[in-house]
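> Before we start, here is the structure in question, set down as structure tokens.
The values are calculated or read from the model by the stated rules, or taken from the named source; none is laboratory data. Owing to the predicted nature of the structure, the values given are computational and were not obtained by experimental measurement. To get the accessible areas, we keep the full protein, side chains included, count just its heavy atoms, and leave off ligands, DNA and RNA. Shrake-Rupley method; radii C 1.70, N 1.55, O 1.52, S 1.80 Å.
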Amino acid sequence: MATRRTTTKPPKNDPAKPVVCSPWDGSGMVAATVRVGRKRRPVGQQDGICLNCLGSGLAPTD
């Protein structure tokens, strides 16, 4: 007698709940290192927009 195997499907994403951009935790801002001089020494950081979500903070849909 054969036994039936059942598998569970992964839950689908809820369309009402937006997915947060994972690399930057939904802030949309990225810290970029500022380098100066011929030796390209790092002197600080500045904020820029995330190129994955373009600053919106939501993950892009494919």
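> What residues qualify as long-range amide H neighbours of Ile49, i.e. H under 5 Å apart, gap of 5 or more or another chain, H built at 1.01 Å from N?
Val30
> Long-range amide H contacts for Leu58: which residues qualify at under 5 Å (H placed 1.01 Å from N, peptide plane, sequence gap of 5 or more or a different chain)?
Those lying under 5 Å, H to H, from Leu58 are Cys21.
> Quick one: ranking Val30, Val36 by accessible area, 1.4 Å probe, largest first, what do you get? Mind showing how you got there, number by number?
Details: Val30 30, Val36 55 Å².
The most accessible residue leads, giving Val36, Val30.
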